[in-house]
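Enquirer: Sharing a structure with you now.
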């Protein structure tokens with residue numbers, strides 16, 4: 001959900017184990033780094049909804065600290081910290097967000113290492129600096145709408161230059177655009193739940209979750225392509241690898257079984273590879289977001305598994 005990543009677009013070499021774990025689709029399993037991250041015993045951690053890497057290699061993880069997704073949402077904010085910042089090796093370096101969010105959902109980091117978070121219960125998008133100090137709020141707290149001042153459960157954020165693109169979201173059917181000062185610029189698209197958004201040098205990619213497709217736009221918001229997922233799976237999160245290459249995570253299949261299937265697509269939209277990162281057992285996992293660090297490591301959040309997992313994306317060669 002996010003700014004372009006400056007790594008080579010790959011044919012990917014990922015360590016694989018025997019296929020298992022997905023009830024509806026058997027694909028090779030990624031070799032997950034089981035020692036990452038290190039969660040202190042006294043930390044309240046759970047329902048991990050979003051992940052992103054900053055320019056320093058820090059990994060920001062957004063979670064709900066014991067709160068479960070259940071509508072109608074409560075009014076009171078989560079008392080514990082909901083934003084954890086890890087080193088590349090998985091050491092917890094900082095945490096913040098206590099008493100701030102009601103139902104946090106998406107997190108993205110801009111080029112200045114500001115952290116942007118969506119809260120679907122607050123109906124707001126909030127910008128923080130790297131240390132968690134609030135800088136700006138978009139939307140009216142607790143009030144839904146589809147105009148320049150309101151959202152409908154905003155889900156994710158991406159950036160193009162001075163523009164902030166918000167996948168909006170569970171109720172609304174659009175991508176809403178603002179400038180960095182918070183001025184409304186317009187909207188585009190027609191989705192059946194715009195759940196994730198990312199960009200590269202030329203394109204905007206939106207996870208149109210309930211239509212089981214990825215919609216592709218140019219930077220002006222003109223629709224270029226609408227790509228159905230290969231098996232009808234629901235794309236929850238996506239990340240750009242640059243040069244048109246894209247990696248996604250699907251959290252549900254066409255039969256509404258939950259899981260976590262990662263897919264890599266070529267610039268032409270062809271499926272290059274699929275991997276399973278779910279826990280064993282029917283409906284044990286729900287892949288929700290994906291990010292790729294500048295070192296080529298991939299991170300997937302698993303809402304049902306209360307975890308974030310890491311595995312390696314290693315380029316073998318540059319695309320032709």
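Enquirer: Testing residue 100 on (1) over 29 Å from residue 294 (Cβ atoms); (2) more than 18 Å from the chain's Cα centre (by Cα); (3) buried (at least 19 other Cβ atoms within 10 Å of the Cβ), one condition comes back false. Which one is that?
Expert: (1)
Enquirer: Would you confirm whether any residue within region 114-131 is more than 17 Å from residue 78 (Cα to Cα) and over 20 Å from the mean Cα position of the chain (by Cα)?
Expert: Checked region 114-131: at least one residue is more than 17 Å from residue 78 (Cα to Cα) and over 20 Å from the mean Cα position of the chain (by Cα).
Enquirer: Okay, next question. Among the candidates 78, 126, which residue alone is in a loop (DSSP other than H, G, I, E, B) and crowded, with 16+ Cβ neighbours inside 10 Å?
Expert: Values: 126 fails: in a loop (DSSP other than H, G, I, E, B).
Going through 78, 126 in turn, just one is in a loop (DSSP other than H, G, I, E, B) and crowded, with 16+ Cβ neighbours inside 10 Å: 78.
Enquirer: Being buried (at least 16 other Cβ atoms within 10 Å of the Cβ), in contact (Cβ under 8 Å) with a residue 12 or more places away in the chain, over 19 Å from the mean Cα position of the chain (by Cα) and not in a loop (DSSP other than H, G, I, E, B), is that true of even one residue in region 176-185?
Expert: For region 176-185, residues buried (at least 16 other Cβ atoms within 10 Å of the Cβ), in contact (Cβ under 8 Å) with a residue 12 or more places away in the chain, over 19 Å from the mean Cα position of the chain (by Cα) and not in a loop (DSSP other than H, G, I, E, B): present.
Enquirer: Right, residue 159: more than 28 Å from residue 77 (Cα to Cα), surrounded by 14 or more Cβ atoms within 10 Å (Cβ to Cβ) and under 20 Å from the mean Cα position of the chain (by Cα) or not?
Expert: Numbers: more than 28 Å from residue 77 (Cα to Cα): no; surrounded by 14 or more Cβ atoms within 10 Å (Cβ to Cβ): yes; under 20 Å from the mean Cα position of the chain (by Cα): yes.
Here the answer is no, as residue 159 does not meet what is asked.
Enquirer: Just one of the numbered conditions (1) closer than 26 Å to residue 91 by Cα; (2) in contact (Cβ under 8 Å) with a residue 60 or more places away in the chain is not true of residue 249; which one?
Expert: Going through the list (1) closer than 26 Å to residue 91 by Cα; (2) in contact (Cβ under 8 Å) with a residue 60 or more places away in the chain, residue 249 breaks only (2).
Enquirer: Moving to a separate point now. List pairs: first in region 208-220 and on the phi > 0 side of the Ramachandran plot, second assigned to a strand (DSSP E or B), Cβ under 6 Å, 6+ apart or cross-chain?
Expert: Pairs found: 212/234.
Enquirer: Go through region 64-81 and report how many residues are touching a residue at least 40 places away in the same chain (Cβ under 8 Å) and either under 20 Å from the mean Cα position of the chain (by Cα) or under 14 Å from residue 117 (Cβ atoms) (or both).
Expert: 2
Enquirer: Right, residue 275: crowded, with 24+ Cβ neighbours inside 10 Å and either in contact with a strand residue (DSSP E or B) (Cβ under 7 Å, 6 or more places away or on another chain) or closer than 23 Å to residue 111 by Cβ (or both) or not?
Expert: Yes: the conditions hold for residue 275.
Enquirer: Just for region 133-147: of the residues that are surrounded by 14 or more Cβ atoms within 10 Å (Cβ to Cβ) and assigned to a loop (DSSP other than H, G, I, E, B), which one is nearest to the chain's Cα centre (by Cα)? Reasoning before the result, please.
Expert: To start, the set of residues in region 133-147 that are surrounded by 14 or more Cβ atoms within 10 Å (Cβ to Cβ) comprises 136-140, 144-146.
Of the ones still in play, those that are also assigned to a loop (DSSP other than H, G, I, E, B) are 139-140, 145-146.
Values: 139: 20, 140: 23, 145: 23, 146: 22 Å.
Across region 133-147, the extreme among qualifying residues is 139.
Enquirer: Checking the structure you have, find out if any residue of region 171-192 is out of contact with any helix residue (DSSP H, G or I) (no Cβ under 6 Å at 6 or more places or on another chain) and under 18 Å from residue 290 (Cα atoms). Please lay out each step first, then the result.
Expert: If we filter region 171-192 for residues that are out of contact with any helix residue (DSSP H, G or I) (no Cβ under 6 Å at 6 or more places or on another chain), which is where we start, we get 171-191.
From the residues that got through so far, the ones that are under 18 Å from residue 290 (Cα atoms) too are none.
Checked against the condition, which is being out of contact with any helix residue (DSSP H, G or I) (no Cβ under 6 Å at 6 or more places or on another chain) and under 18 Å from residue 290 (Cα atoms), region 171-192 yields no hits at all.
Enquirer: Here is a follow-up. Condition test on residue 295, is it free of Cβ contacts under 8 Å to residues at least 12 places away in the same chain, surrounded by fewer than 16 Cβ atoms within 10 Å (Cβ to Cβ), in a loop (DSSP other than H, G, I, E, B) and in contact with a strand residue (DSSP E or B) (Cβ under 9 Å, 6 or more places away or on another chain)?
Expert: Here the answer is no, as residue 295 does not meet what is asked.
Here, each number is a calculation from the coordinates, and none is a lab measurement. Source: prediction; values computed, not measured. Reconstructed Cβ throughout: ideal geometry from the backbone, glycine too, with neighbour counts over all protein chains shown.
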